[in-house]
Structure formats: C-alpha cells, structure tokens
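J.: Quick one: this structure, given as structure tokens, is what I'll be asking you about.
The values are calculated or read from the model by the stated rules, or taken from the named source; none is laboratory data. Remember, it's a predicted structure, so these values are computed and weren't measured experimentally. All Cβ positions, even for glycine, are placed from backbone atoms using ideal geometry, and neighbour counts span all protein chains on display. These area figures cover heavy atoms from the full protein model, side chains too; ligands, DNA and RNA do not enter into them. Shrake-Rupley method; radii C 1.70, N 1.55, O 1.52, S 1.80 Å.
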There are 6 protein chains.
Amino acid sequence: MRKDRKVNELRTVKIETNYVKHPEGSVLISFGDTKVICNASIEDRVPPFLRNQGKGWITAEYAMLPRATEQRNIRESSKGKVSGRTMEIQRLIGRALRAVVDLDKIGERTLWIDCDVIQADGGTRTASITGAFVAVVIALGKLVDNKTIKELPVEDFLTAISVGVLPDGKEILDLCYEEDSQAHVDMNVVMTGAGEFVELQGTGEEATFSMTQLQTMLSLAQEGVNDLVKLQKEAIGKWAEVIEKRQTAGVAEE
Amino acid sequence: MRKDRKVNELRTVKIETNYVKHPEGSVLISFGDTKVICNASIEDRVPPFLRNQGKGWITAEYAMLPRATEQRNIRESSKGKVSGRTMEIQRLIGRALRAVVDLDKIGERTLWIDCDVIQADGGTRTASITGAFVAVVIALGKLVDNKTIKELPVEDFLTAISVGVLPDGKEILDLCYEEDSQAHVDMNVVMTGAGEFVELQGTGEEATFSMTQLQTMLSLAQEGVNDLVKLQKEAIGKWAEVIEKRQTAGVAEE
Amino acid sequence: MRKDRKVNELRTVKIETNYVKHPEGSVLISFGDTKVICNASIEDRVPPFLRNQGKGWITAEYAMLPRATEQRNIRESSKGKVSGRTMEIQRLIGRALRAVVDLDKIGERTLWIDCDVIQADGGTRTASITGAFVAVVIALGKLVDNKTIKELPVEDFLTAISVGVLPDGKEILDLCYEEDSQAHVDMNVVMTGAGEFVELQGTGEEATFSMTQLQTMLSLAQEGVNDLVKLQKEAIGKWAEVIEKRQTAGVAEE
Amino acid sequence: MRKDRKVNELRTVKIETNYVKHPEGSVLISFGDTKVICNASIEDRVPPFLRNQGKGWITAEYAMLPRATEQRNIRESSKGKVSGRTMEIQRLIGRALRAVVDLDKIGERTLWIDCDVIQADGGTRTASITGAFVAVVIALGKLVDNKTIKELPVEDFLTAISVGVLPDGKEILDLCYEEDSQAHVDMNVVMTGAGEFVELQGTGEEATFSMTQLQTMLSLAQEGVNDLVKLQKEAIGKWAEVIEKRQTAGVAEE
Amino acid sequence: MRKDRKVNELRTVKIETNYVKHPEGSVLISFGDTKVICNASIEDRVPPFLRNQGKGWITAEYAMLPRATEQRNIRESSKGKVSGRTMEIQRLIGRALRAVVDLDKIGERTLWIDCDVIQADGGTRTASITGAFVAVVIALGKLVDNKTIKELPVEDFLTAISVGVLPDGKEILDLCYEEDSQAHVDMNVVMTGAGEFVELQGTGEEATFSMTQLQTMLSLAQEGVNDLVKLQKEAIGKWAEVIEKRQTAGVAEE
Amino acid sequence: MRKDRKVNELRTVKIETNYVKHPEGSVLISFGDTKVICNASIEDRVPPFLRNQGKGWITAEYAMLPRATEQRNIRESSKGKVSGRTMEIQRLIGRALRAVVDLDKIGERTLWIDCDVIQADGGTRTASITGAFVAVVIALGKLVDNKTIKELPVEDFLTAISVGVLPDGKEILDLCYEEDSQAHVDMNVVMTGAGEFVELQGTGEEATFSMTQLQTMLSLAQEGVNDLVKLQKEAIGKWAEVIEKRQTAGVAEE
C-alpha cells in the first residue's frame, strides 16, 4: 500500500547523543532522512517576566539549514525575520517541553533548546521535540550529577509524531515529505510516555476530517509514541529508570 | 458552577453586518465582551506562487488595538515586527477559510481578511474565524450579484469555538479571558456546519490531558458550533440557503 | 456650491464616550464618514528622559485599519515600519495635547493616546485630536475622582479642523476625502477653546497660497472650532465647567 | 535685546556652489554655524506610481552627521530606521521644491535632493530648503545647457526661514539652536520669491500663540525671505534672470 | 612548546563528502574540533547585475549554530540582522572561490555556498573555504557529468589556513580557539594549489607585527596549504587530475 | 606610465583640522579628490562588556553621502541596514586605532570615530584611518590639556595606504577610483610610524598574486606611509613630539 512500510510503521529512527561537544545536552536525531541537531544549553538566569520567582524556563529555537530541503531556502538571518512557520514550531517545542519538566525544580535557569534541521524529509517538528527531550534530560542530568539540583525534574517521557490522511482516505503514521505534501489532513501529536496528550494540532488544508478519522489517527499516533519512548530510554541510559518511577508515581497520584 | 452560564453555554454572540463602508464584506462580531471587526477585501490578483493558474487565494491578517486588553500592549507596527502569536492566529484564520471556499471558482482573486480586535475578553481567534466567514460570504455574494462569478463558491458553514479544562478538571465551552488564563488545557476547534473538523489545536501549558477529556471537549465544541451556525445563517440572509443546499449535496456526494 | 453643505459648515460630528471598556478614557468620534476610536491609557511611569522630575508625559499613536480606506492599505506591522505620514500625525497629536494639559500636575505618569481609524473619509488627524482630547479629559477625570490627583490639569479645550482651497480658489472648512484629494492647499489648524493656535500646518502640494487666502482659511477654522468645543463640552459632562473656569482664569492671568 | 543681531535680522548666510564634484547640483549653505551640503542628483526614471505619465518627480532625503550636534547622535543607519523628525523634514523639503518646479517639463526624471547637515546650530531644515533650491536650479540648468530639456522649469524662487516667539513674548527671525530650544513657538515658513506661501508650520510645544503673534511672525519671515532670495540670485548666476521673468509672467497670468 | 603539535603542524583535517543529500555538492569538513557543513547549490539564474552577460556568479553565506561555541550565541535570525563578523566571512568565502572558478564557463548560474558551523574551535573561516572548494568541485562536476557544461571550470585548488603570533612572539600554524584568543596577531591566508595568494588578512588586535614576522607566517601558511591540497585531491577523486592539468597549463601560460 | 604621477607617488594629501566645531577632534582629510570628515567624540562611558575594568574603548562608524560617488547610492538609513562593505570598513578603522592607543590610560571612556565620506575617488578607508588618527590625537590632547588624563596615551603614528597591481602587472601606490576598479589586486596596508604592520588586507578579485608582487606592494606602502606620517606631524603640532618620544621608547623597549 505505502511504498516501503506499513501505515502504522515509523521510519528508521536513530538518536545519537553527545553529537556536538559544547552544549550541556546534544543529540542528532533522524526520522528516516530527516536529521535534526537538538542542543540543550543551560543559562543561569531567566527572562525578565520570571525574575525572582525561584523557578526556571524552557525556550526553543528552530531553524533549517538553507539546503536542508530539495530547493534552497533563503536564510532567515538574511531575510531579517523569522517566518510564521518557524515561530509556530519553536513555540510548540518550548511549550511541549515545559509540560513535562518541573520548572519549579530547576532554579532560576533557562534551558535553551536549539533544533537545527540539517536534512529535511517531513516530520522535522516531531523529530525536533523527540530529540530535544533527550537533550534536555542529558543536560538536566548533568545538573543532578554535579549536585546543582537534587533530582531530575522530569515528570514523564515526551515524544511527538505526525499522522495524516492520504487523498485515498487512508490514515498513516509518520509522514515523509512526499506523503505530507499530498495529505489532506496533517496532524501532529505530542504525547507523554503515559499516553496523555500535551499538544494536538490537526489541520485540513483545503479539506476537512471526521470524528472517525480523528480516532484512527490518534490510535496510530499512540503506537508511534510507544516505539519512540523505547528509543528515548536507550538514549538517556540511567535516567530512564528515574523518569519511569516518577511516571508511575504520577499516575498513582492522580 | 460557572459564574453566569452553564459549562456548555456560549456567551452572548452578536453579528452586525456592513459595519464599515468600504470593504466588500464587513462584520462586527461579539462573543460577550470580545469584539472583532472582520473585513473582507477582494483584490483582483493573486500572490506570485499562484499566478496564471486560474484559481484564487485567501489570506488573513489579525491584530489587536493596543488597548483592546486590560493592560495596553505595544503596537506591532511600533515594534517593527509581528509576534509569533499574531502569526499563528492569522495563519489559522486563512487556512480555516480556505477549507470551505472553493478557490478554483473565485478566479485569480485574493480575499484579504482583516480581523481587528477592538475589545478582548478571551476567544478572539474563534470570534475572528466565525465573523470572518460571514464577511467572506457577503463579499463573495457581491461577486455573484454583480455576475463576476456564477455561483457562491462556499461549500459549508465555518465556525470556531474554544473549549478547555479548568483546574478542577471541569470541561467548559467558550472561555472568557479569566477562565482562559486559569485553564490547564485550551483547545480551539474549527468546524464546518456538517460537523467535520477543519482544525483542532489543543494545548496543555505545563499540563496534559487524557483521551476522555478530549472526547468531552469535542462534544462541547459540537454544541457551540451548532448555535453559531444558526447566527451565521441569520447574518448572511439569502446566502444561507445556497450554502445549505451545497452542504447537503456535498454530504450526499461523499 | 459644495455638494451638501455650506463652505463654513462641519460634517455631522458625533462623540460617543466609553466606547471600549478597558481604557481609562475611550471615545468613538465621527466627522461624517470618518470614524476614529480614541483611547487614553494611563501608565504609572514616564519615558527615561523624564524620570525623577516629578512630571508626566503624553504620547500618541495613530493607525488605520487596512480597509478603513477605499483601497486596502498594507498593514504597517506587516511592512515592519511606520510610514512618514503616520509618524507626522502621531507626533502632531501628542504635541497638541501636551499644549493644554499641565504635565507638572499629573505626576510621573504617561498618557498613551491611541487613535485608530476604523473608517476614513478625510480629516482623520483632526478627528483624532478632537476625540483624543475628550478621552484624555475622561481619563484624567478618573484620576481626580479617585483622588490620585487633586484637580483636573487641563487648561483649555483643544480641537482640530481642516481647511483648504479648492481648485476654483474657494476656501472651505472640514474637507472630506474627495475634496481633500482635489484641494490645492490643505491646512490643519489646532486651536484652544480660547481661540489660541496650538499648531498650524498649511501645505500647498505643487501649489502656493497668498496671505489673503490664509486669513480666510483661519476664519473658517475658527468657526469650526467653536462648534467642536460645544460638542466636547457635552461629551465630558461635569468636567466642562472645570475647564471653562480655568480657561477664564488663564485669560485673566495673561 | 538679542545677543548679536536685531530681531528681524538673519545670521550670516553663505551659499557655496559646486561644493562636491559628482552631483549635477551641489551647494554648501551656511546659516551662521549651521552648515548643510545640498546635492541634487538627476536620475533618468521615476518612481512606479508615475511611470509612463511623461512627468518627473522630486524627492528629498535629510540626515545629520552624528556629531553635527553638541551631543553625538546615534547614526540612523545603525539604528536601522529613520526617525519621525527626519521623515517630517525630508517630506517637507520634497514637497516645497515640487511647488516651484514644473514637473511636467522635466520628463520622466527624478531629482534626488540630499541635504546632509555637517554642523547644526538651529534652522537646519530652512537652510536645507534654501540651499536645495540652488542645487536644483544648477542641476536643471545643466539639462537646459546640454539641451536635454528646452527651458528651465522653475517657476519662482523658493526659500525657507524660521520665526518664533521667545519666552518673553518677543517674536524673532532665524532662530539659532539656543533660541530655538527656549522658544515657546517655533514656525517654519516656506515662501516663493513672489511672497506666496508654500508651507507654514507653526508649533507651540506646551504653549500656544495668538493671531497677532502669527501676523508678526509672518512679517518677519517675509523680511528674511527677501534677503535670502537676493543671495540665491547671486548663487545661480544667469538662471536668476530666467526665473525672474517667469515669476513676473506668473504673477501677470493670475 | 605547543600543547599537542608542532608550530607548523595542522590539526587533524577530515573531509567527508555527500554529507547532506539534497545539495549538488555537500561536505562536512573538520579542522580538529571545528566542524563545518559546506553545501554548494546550483541555481539557474544570476543576480540582476549580471543578467544577460552569459556568465555566472558565486556567492556564500556563513553561519554558526547558536551552540557551536562554548557560550551560546544569539541566533542572527532572531536578532533580525547579520553581524559584521558574519558579513566579512561570507564576503571572503565568495571572493575566494570566484578567484579559481572561471565564471564565464558556468553559464548564467549562481553557485550558492552555505557554510554552517556546527562546532567551533578556531579557524571556522579557513575550514569553510577549504571545504567549500570541495563542495563546489563536486557540484560543478555534476554539471560536467550530465553534460550541462563542457569542462570543469576550476583553474586551481583553493585552500585557506590561519597563522598567528603568540604572546611570546612564536609564529604558529592553524590556531585553535584557545590559541586564537591569546594571539597578538591573527592572519588568514587563502592560497591556490600553485602557491599564489588569493587573499591575505593579517590583523593585530591592540598589537602590531614586523616584516620578519610576516615572512615567517607566510612560510608556515605555505606548508599548511600543501597538506590541505593533498586532502582535497583525495576528496574530489577524478576531478583532481583535471584541475592539476589546468593548473600546470595555467602556470605554463603565464 | 600612470596618468599624472609616479607609481610610488601619493595623490595630494591635505589635512584640515577643527573642521566641524562640536567634536572633540575634527578633521577634513583629502587624498586627491577623496574627501572625508573624520570626527572624534569622547563619551564618558564604555560599552557593557568593558564596564568596571577601568579601561576605555575606541569604536568607529563609516558612511558615504549618497552622492559622494559618480552614481548616487541609496542611503543606508533608508535601506534600514548597514552594508557588509560598510561594516568591514568601520571594524577595520576601529581595530586600527585600538592598536596605537593605550586603552588602559584613557579611563572608562569611549572614543567614537565618525568617518563620513563627502566625496569619493578611491582610498576612502585609507584616508579615513589616516585622518581619524589625527582627530583622535586632537581629542585625546584636549583631555591632557584639561588634565582629565595625565599623558597622551598614543604609542605611535598610524596611517593607511592602498597598493595594487594593475592589469599590466605594474604595482602602484594610492589607487584612485579608476585604477582601483581596474586593478587585479587591491591591498590596504595599515602601518605605524615605526613601520610595523597593524593590518594587511590583500585581495585578488577573480585574480591572484605572487610572493614577489606582495613584496613590491609592501615596499610601495612603506614609502607612502613615511609621507603620510610627515603630514600627520604637521597637523597635530605639539603632540607630534610626544608621540615621537614614546615611539622611540617603545622601539628601545622591544
């Protein structure tokens, strides 16, 4: 049906940690041919609106190399402004991470997440979130290791995946660029390891979708998320167990 | 439970047509204390990427008067750039309208939608979409009346409404500003008159939501949409019937 | 001679107070088909160049909705900069109001005046100044009512009106857009209730004017100002008397 | 009364022609310690809004060297935007020159006027206009000399001068910086050689002025203009006579 | 003397070709811990100033990921402008490549060079030029292979290397970041395979250097260049021989 | 051989001091038809990165009047950004001056250097540096005279000159615009009075140069520098001797 994989199958996902040497957390994530460098930097201060409140902040920036895509894009620094698409994505990444990190426990620090797409083939925002989560855990883990903070302030795993509806009405998981450009509906789902929604963005460009289609897409997303969480666990090593415990505790608590 | 209305109740919604004299379609819409001027302008050309394809385009811009809000906001023209929030909203409005207007039937024309919030109390983007739809129908109706185009190229009604989850876990419809600023989950639902989704944007800021909560919120949204469609029908007069016919035809077709 | 009114006649002028709920002072003023929302906001600090001097400041911003005009204008926030015309007008509004408000008596506060034209048909800057004055009195009146300041620090009424010379040499008062675009000379006169000039801006675009024409135009302006002051008095209610007293005192003093 | 000259006396005014070698017209003008380089450049095309109409355009730009003033100003190119003050002045210069040049007779050409203040001591805009007129005549004269156009399309002389009211109520001509910063009223008058007004901009910053004061200021301005026209005649040599003839003809015509 | 290598020794240099899949030429080059992605894109048109002249153009852009450095840098797209340093470097890269590519033989095409530093440890501009040359040869080679152009229009190899003077007066080759930040003199040398200079930029920041020091630095640079050319030859495979022939021919010609 | 002077001959160089009245140091320098106003301003604070370190800073800005050149250039303030060329030049001027001024001895002050080209005919950056040095000495001299600082913190003379290679292979000194636009190689040399290099920038635009050509160019530059230092000595009067002493001392010290 689909060129080379089943409708509910992810592309090959790889997470390479410590990719760049300077950042506190650095990851190269690939979803098939989509490759994103996710760097997490820790800055010892917060933006003005948070000062003197004893809590931290997470903010994200997203960009593509000009030739990450089939056609070269003009560099946003040359244009002198960031596009609406870029803004939407970086706001999404920041919001998503803030949902699983306990900002009260990181002190007056800002986590800067930089997601730079070096090669694009669809799903750059979902790869960014999934990789950024790993970079954040590694960066925060260092703060725990060097005793700057007491415990890892991460409440659950966080992954993102795209689902969509092809013109023939078929729902699919993890769209590559070619599929994405044909799809009538495109939905990005950000979920925790516990299966809670963090963000849901479904869009019909010159098309609509029904409640039934929504249900099917959300089921596919759930499958993808489970696979991604497994890969994240491998990537973060000892911290996986810490998050799992907290996750169980959190569920119990509710 | 809720200050002055039931959880599944809209605020008082009013749609005043022909509010400003120059635009082809002009509406003042209020959702309670939220008031938005929605103007639709028709330009006889399309953006470069669509030239010579015989089809049209819809694009939207959104802004707030500096003192639409409790605290005065800096004017975006003074800042010299449009915020990420503004960009997200205007992209959303444009996408939503393109889902129900048949762009192939409006010729090489651009519909400019300007949504200017003169008073804000939550739900400015949903009021904008709901009002903009009426302005668009009026503007396109004029093209039909003066025989520039043959028939009204509008495939269904289009409305938007917010739903959310309060800190106590209660799901509610059409959040005012005070509710919105407390809510753990905020979701905007754009739907057609036929009950199809056009856009779904659910966000947990430093929180998450379950599948059950999602279902409840979507049911509330459906109720709100039904009420809004009734008001749109009154506002657009003779065109309501035209759209209803097409809507039935469309459903039959599927 | 003139389509529907005498050369020395104003268009229908209306001043609606408390138009928007959040601002300290809010007015919708219309000069015929020209409609401007004038909001006055009070901020409890002054710009850096005035800090610690115990006095206040008044600054103004002016904008038009994109479709306030016959042809849609590009939004200045989208262009990323404010036009020269906008800058001139907002500087004029601010300067004019500072001439009648005693800045030493408002404490270290800034009055932000926002004039947003929702429908334009000539004379938007004169309507803005005339309406802004009313919004300022209402805003400052609230400071008196809640005893933040002792007395209304407004020294006189302030109105603005346009005069011009038509191609046939005839001088006229309060030009609508059609007249304005034909006029050889365009002059804006800002005057106090006592008949003193605050600002005089006369311009011949590819034309000139004589001393005699100047005199005639100034007489017309004086007539218009008298009518506008009457309407302002009605709009500001109890504060009218306070200003009248001060105005008489001021004249006596000189 | 006044430090070193009578109230109706200009500062020493000098006009040096051919100051810079590249421009078609180049002038260094000084009004006392105020020194402005006025260059007129001829470009063989017009802005888009005038294309294919067979007529020309005049546009002006104005700037100050950062250290033209007592305190160094930040360069507008570094700030990335032109201030409101600069915009007002350059719009004024362009408008003023368009009033005396017959744009229909210069063909599809743009005259670029660049007024760069190298030393400022009050009256930079009036010096700019007065000097720019000379640069324009020289530039247009070259077009006549090389037979590109048939006759000098300049209808009259054009000068500008400031007048004002000191705190003691005394009206004065040609304010230097110190006087300007004290003055209650500041008025710039742009006049033709025939004594017609081209532009009148009177401003009371936190003050007002009466009709009587206006009359006195306008008389002073007329005196100053007469002196400036004499200096312009010397500077433009043979072209003075041509303009005088046209001026007489123009007056006869009216 | 030097931590881990001789004064005339390069760091480990690696050139990985076909690093990203979309660009016509793509290289990941490392000079020790400095890593730069160099992409060459071919666009079938030239900038306006070259149109209809039958020749091509090469232009370069340079950027660093925010966390390529020890401290995170603000993204230039967020700042809304490109820094002076970035501009200098990208102008240098473009100029350097234009010196060895025969622009008359590439037709009306633009070669866009994108150098994106993913990890920085000194020498990013020299690594960029050295890597960009390889990307350009690969991209142009494809044009030859698919017969778009007849022959490889590359006249010689092109490499760049830094040299400098340490505070103790010792001249060294290929400075890492730590050395660079201490050095009194920093010189970048761009050379052809034939040993001709393309660009020489020597700078003493708060210091100077003598003719003798210059000579020593240039000798060191020559040594480094020889090593880099060897690595470039390996990276470009069959094209190395083509360039060598042309290089010999060129030398004979002179 | 060369139109009007020998290959090793400078154009007529003139240095006029106290050209503008407000700056602490002001110079009009001409290299033939190239004329630059160099103003040095002293500000009693330093940029943030230097605060509380007890040392000062020198920064430079460079601009051309729009019609300094044969063709009018768009004003950088109108474009809203500074070009790469301008940035390179102003960074160069600042760096060059910092090499000969002892920043530790000027206190927490910033020297702002403004180089404004009023007429351009090649060599504007070398004229700027040579003139700026004189303006700086005059400005710092005033600080010594009024006992703000103890001694003139200038370690040596500083001049700059261009050298190049013509298409016929001939090396020449001090290129005028016509020569510069033909030259295959263009090199700017910044040197101290003692003959040390401060900055060396040699560029082959679509060309290269040999070691022999480099040597010849550097010898020419040395000759030019000697002549320029003589003129600087005349311009700075009594301070020449102070610098000479320090220069000798400095050489002895090494």
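J.: With angles folded into 0 to 90 degrees, how steeply does helix F:124-145 sit against the dominant principal axis of chain F? Use alpha carbons for both and round to 10.
T.: Taking the Cα atoms of chain F, the angle to F:124-145 is about 20 degrees.
J.: Report, to one decimal in Å, the Kirkwood hydrodynamic radius for the protein assembly as shown based on all distinct Cα pairs.
T.: 36.4
J.: Still on this structure, please answer the following. Taking the Cα centre of the protein assembly as shown as the origin, how large is its charge dipole in debye, to the nearest 20, when only Lys and Arg (+1) and Asp and Glu (-1) carry charge on their Cβ atoms?
T.: Roughly 0 debye for the protein assembly as shown.
J.: Taking C:E108 in one copy and the same position in all the others, each labelled 7 Å out along Cα→Cβ, what are the pairwise distances from the first, in nm, shortest first?
T.: Ordered by increasing distance: 2.2, 2.2, 6.0, 6.1, 6.4 nm.
J.: Shortest first, in nm, what separates the label point of B:K3 from those of the same position in the other copies (7 Å along Cα→Cβ)?
T.: Counterpart label points of B:K3 in the remaining copies fall at 4.5, 5.4, 6.2, 6.2, 7.9 nm.
J.: For region D:95-182, give the magnitude of the charge dipole about the Cα centre (Cβ charges: +1 Lys/Arg, -1 Asp/Glu; no others), in debye to the nearest 20.
T.: 540
J.: Still on this structure, I have one more. Compare each residue of region E:174-206 in its chain alone against the assembly with all protein chains, and report those whose accessible area goes down by 20 Å² or more; 1.4 Å probe, heavy atoms.
T.: So the qualifying set is E:E196, E:F197, E:V198, E:E199, E:L200, E:Q201, E:G202, E:T203, E:G204, E:E205, E:E206.
J.: Trypsin sites (Lys or Arg not before Pro), restricted to region A:133-226: which are DSSP loop and have at most 10 other Cβ atoms within 10 Å?
T.: A:K147, A:K150
J.: Evaluate the relative contact order of chain D (contact order divided by residue number), counting alpha-carbon pairs under 8 angstrom at least 6 apart; express in whole percent.
T.: It comes to 20 percent, rounded to a whole number.
J.: Considering Cα pairs under 8 angstrom that are at least six residues apart, work out the relative contact order of region A:102-213 and quote it in whole percent.
T.: Relative contact order for region A:102-213 comes out at 22 percent.
J.: Take peptide D:210-222, look around each residue's Cβ out to 10 angstrom, count Cβ atoms belonging to other protein chains, and average those counts.
T.: Across D:210-222, the average partner-chain Cβ count within 10 Å equals 2.
J.: Give the Cα extents of region D:119-254 along the principal axes, in whole Å, largest first.
T.: In descending order, the Cα extents are 54, 38, 20 Å.
J.: Here is a follow-up. Mind listing which trypsin sites (Lys or Arg not before Pro) in region D:40-137 are in a DSSP loop and have 13 or fewer other Cβ atoms within 10 Å?
T.: Passing sites in region D:40-137 are D:R45, D:R51.
J.: So which residues in region E:74-91 end up with at least 50 square angstrom less accessible surface once the other protein chains are there, compared with the chain by itself, probe 1.4 angstrom?
T.: Buried by 50 Å² or more upon assembly, which counts only protein chains, are E:R75, E:S77, E:M87, E:E88, E:R91.
J.: Still on this structure: Say the dipole of region F:28-156 comes from +1 at the beta carbon of Lys and Arg and -1 at that of Asp and Glu; which of F:A63, F:T126, F:V82 then lies farthest toward its positive end?
T.: Towards the positive end, the residue furthest out is F:V82.
J.: Which aspartates and glutamates does D:K238 reach when only Cα atoms under 14 Å apart count, and residues fewer than 8 places away in its own chain are ignored?
T.: By straight Cα distance, D:K238 reaches D:D145, D:E151.
J.: Moving on. Mind checking which aspartates and glutamates have their C-alpha under 17 Å from F:K6, skipping anything on the same chain fewer than 8 residues away?
T.: F:D168, F:E171, F:D174, F:E178, F:E179, F:D180, F:E223, F:D227
J.: Can you list which of the GluC sites (Glu not before Pro) found in region B:92-180 are DSSP loop residues with at most 12 other C-beta atoms within 10 Å?
T.: Taking region B:92-180 and a limit of 12 other Cβ atoms within 10 Å, the loop GluC sites (Glu not before Pro) found are B:E151.
J.: Holding the Cα-Cα limit at 24 Å, pick out from A:K79/F:K79; D:K79/F:K55; A:K147/E:K79; A:K105/A:K147 the pairs that are longer than that.
T.: Listed pairs above 24 Å: D:K79/F:K55; A:K147/E:K79.
J.: Take every Cα-Cα pair in region B:46-162 and report what % of them are more than 18 Å apart.
T.: 54
J.: Something else: What is the distance, in nm, between label points placed 7 Å from the Cα along the Cα-to-Cβ direction at D:D44 and at B:R2?
T.: Spacing of the two 7 Å Cα→Cβ label points: 7.1 nm.
J.: Once R0 is set to 60 Å, what does the formula 1/(1 + (r/R0)^6) return for the Cβ-Cβ distance between A:N52 and B:T12, expressed as a FRET efficiency to the nearest 0.05?
T.: 0.90
J.: Another question, if that's okay. Considering only protein heavy atoms, what per residue accessible area in square angstrom results for region A:141-254 with a 1.4 angstrom probe?
T.: 43
J.: Taking Cα pairs under 8 Å and at least six residues apart, what relative contact order does region E:1-143 come out at, in percent?
T.: This gives 36 percent for region E:1-143.
J.: Taking a probe of 1.4 Å and counting only protein heavy atoms, give the total accessible area buried between chains B and C in Å², rounded to the nearest 100.
T.: Buried area (both sides, nearest 100 Å²): 2900 Å².
J.: Sticking with this structure for a sec: Starting from the Cα of B:R85, step 7 Å along the direction of its Cβ; do the same at E:E241; then give the gap between the two resulting points in nm.
T.: Here the answer is 6.6 nm between the modelled labels.
J.: For region E:118-180, I need the span (max minus min coordinate) of the C-alpha atoms along each principal axis, in Å, sorted largest to smallest.
T.: 55, 26, 9
J.: From the C-alpha gyration tensor of region D:195-254, pull out the three semi-axes of the equivalent ellipsoid (sqrt of 5λ each), sorted largest to smallest, in whole Å.
T.: Value: 30, 14, 9 Å, ordered largest first.
J.: Just to confirm the number: angle between the C-alpha axis of helix C:211-236 and the first principal axis of chain C, 0 to 90 degrees, nearest 10?
T.: So the inclination is approximately 40 degrees.
J.: What angle, in degrees between 0 and 90 and rounded to the nearest 10, separates the Cα long axis of helix D:84-98 from the longest principal axis of the Cα atoms of chain D?
T.: That works out to roughly 50 degrees.
J.: So what does B:W239 come to for accessible area, using a 1.4 Å probe and Å² rounded to 10?
T.: Around 30 Å² of this residue is reachable by solvent.
J.: Quantify how strongly other chains surround peptide C:62-71 by giving the mean number of their Cβ atoms within 10 Å of each of its Cβ atoms.
T.: Across C:62-71, the average partner-chain Cβ count within 10 Å equals 6.
J.: Can I ask one more? Per the Kirkwood definition applied to all pairs of different Cα atoms, how many angstroms is the hydrodynamic radius of chain C?
T.: Across chain C, the inverse of the average 1/r is 18.6 Å.
J.: Roll a 1.4 angstrom probe over the protein heavy atoms and tell me the percent of accessible area of the protein assembly as shown that is carbon or sulfur.
T.: 47
J.: C:K14 label points, 7 Å along Cα→Cβ, one per copy: pairwise distances from this copy to the rest in nm, shortest first?
T.: 1.3, 6.3, 7.0, 7.0, 7.6
J.: With +1 assigned to the C-beta of every Lys and Arg and -1 to the C-beta of every Asp and Glu, and no other charges, what is the dipole magnitude of chain E about the Cα centre in debye, to the nearest 20?
T.: So the magnitude is around 780 debye.
J.: In what order, largest first, do B:D180, F:D121, D:D104 sit by accessible area if the probe radius is 1.4 Å?
T.: Ranked from most to least accessible, the order is D:D104, B:D180, F:D121.
J.: Quick check for you: with a 1.4 Å probe and neighbouring chains kept, what is the accessible area per residue of region E:1-119, in Å²?
T.: Here the per-residue accessible area is 41 Å².
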